[in-house]
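Colleague: This is the structure I want to talk about, given as structure tokens.
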Amino acid sequence: MKDRDIYLQRAAEARADADKATLANVRERCLRAESAWTVMAERAERTEKMRVAHEVAKASDAAKAAEAAAAAEPVA
């Protein structure tokens, strides 16, 4: 399970707790927690996308370097 999924699960739990709360201060606390978990999920998703993009770029650079090295080798 990815971090994003865990954070979204926690946000849903906080929302459910807010819906069940009878005291206003408890409801507000749960809604703030839901908001915080949602922000963390968004950050985790953005981080994952950036990580994948970085790995793709790295693989592309490695492939280009390998092609350049192969082209530079003298033919025997």
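Colleague: Would you mention how many residues in the stretch 4-28 are assigned to a helix (DSSP H, G or I), surrounded by fewer than 15 Cβ atoms within 10 Å (Cβ to Cβ) and over 25 Å from the mean Cα position of the chain (by Cα)?
Modeller: Counting residues in the stretch 4-28 that are assigned to a helix (DSSP H, G or I), surrounded by fewer than 15 Cβ atoms within 10 Å (Cβ to Cβ) and over 25 Å from the mean Cα position of the chain (by Cα) gives 6.
Colleague: I'd like to know if the stretch 55-66 contains one or more residues that are at pLDDT 95 or above, within 13 Å of R4 (Cα to Cα) and part of a helix (DSSP H, G or I).
Modeller: Scanning the stretch 55-66 turns up no residue that is at pLDDT 95 or above, within 13 Å of R4 (Cα to Cα) and part of a helix (DSSP H, G or I).
Colleague: A further question on this structure: Scan the stretch 29-53 residue by residue and report those that are within 9 Å of the chain's Cα centre (by Cα) and either at pLDDT below 95 or not charged (D, E, K, R) (or both).
Modeller: Answer for the stretch 29-53, where residues must be within 9 Å of the chain's Cα centre (by Cα) and either at pLDDT below 95 or not charged (D, E, K, R) (or both): M40, A41, A44, T47, M50.
Colleague: For the stretch 54-74, check the following and say yes or no: at least one residue is loosely packed, with under 10 Cβ neighbours inside 10 Å and either touching a residue at least 40 places away in the same chain (Cβ under 8 Å) or charged (D, E, K, R) (or both).
Modeller: yes
Colleague: Could you say whether any residue in the stretch 29-46 is surrounded by fewer than 10 Cβ atoms within 10 Å (Cβ to Cβ) and free of Cβ contacts under 8 Å to residues at least 12 places away in the same chain?
Modeller: There is no residue in the stretch 29-46 that is surrounded by fewer than 10 Cβ atoms within 10 Å (Cβ to Cβ) and free of Cβ contacts under 8 Å to residues at least 12 places away in the same chain.
Colleague: Additional query: Please go through the stretch 46-76 and pick out each residue that is out of contact with any Asp or Glu (no Cβ under 9 Å at 6 or more places or on another chain) and under 30 Å from A14 (Cβ atoms).
Modeller: We begin by selecting, within the stretch 46-76, every residue out of contact with any Asp or Glu (no Cβ under 9 Å at 6 or more places or on another chain); these are 46, 49-76.
R46, K49, M50, R51, V52, listed by residue number.
The values are calculated or read from the model by the stated rules, or taken from the named source; none is laboratory data. Keep in mind it's a predicted model, so treat the numbers as computed, not measured. Heads up, the Cβs are rebuilt from the backbone with ideal geometry, glycines too, and the neighbour counts pull from every protein chain shown.
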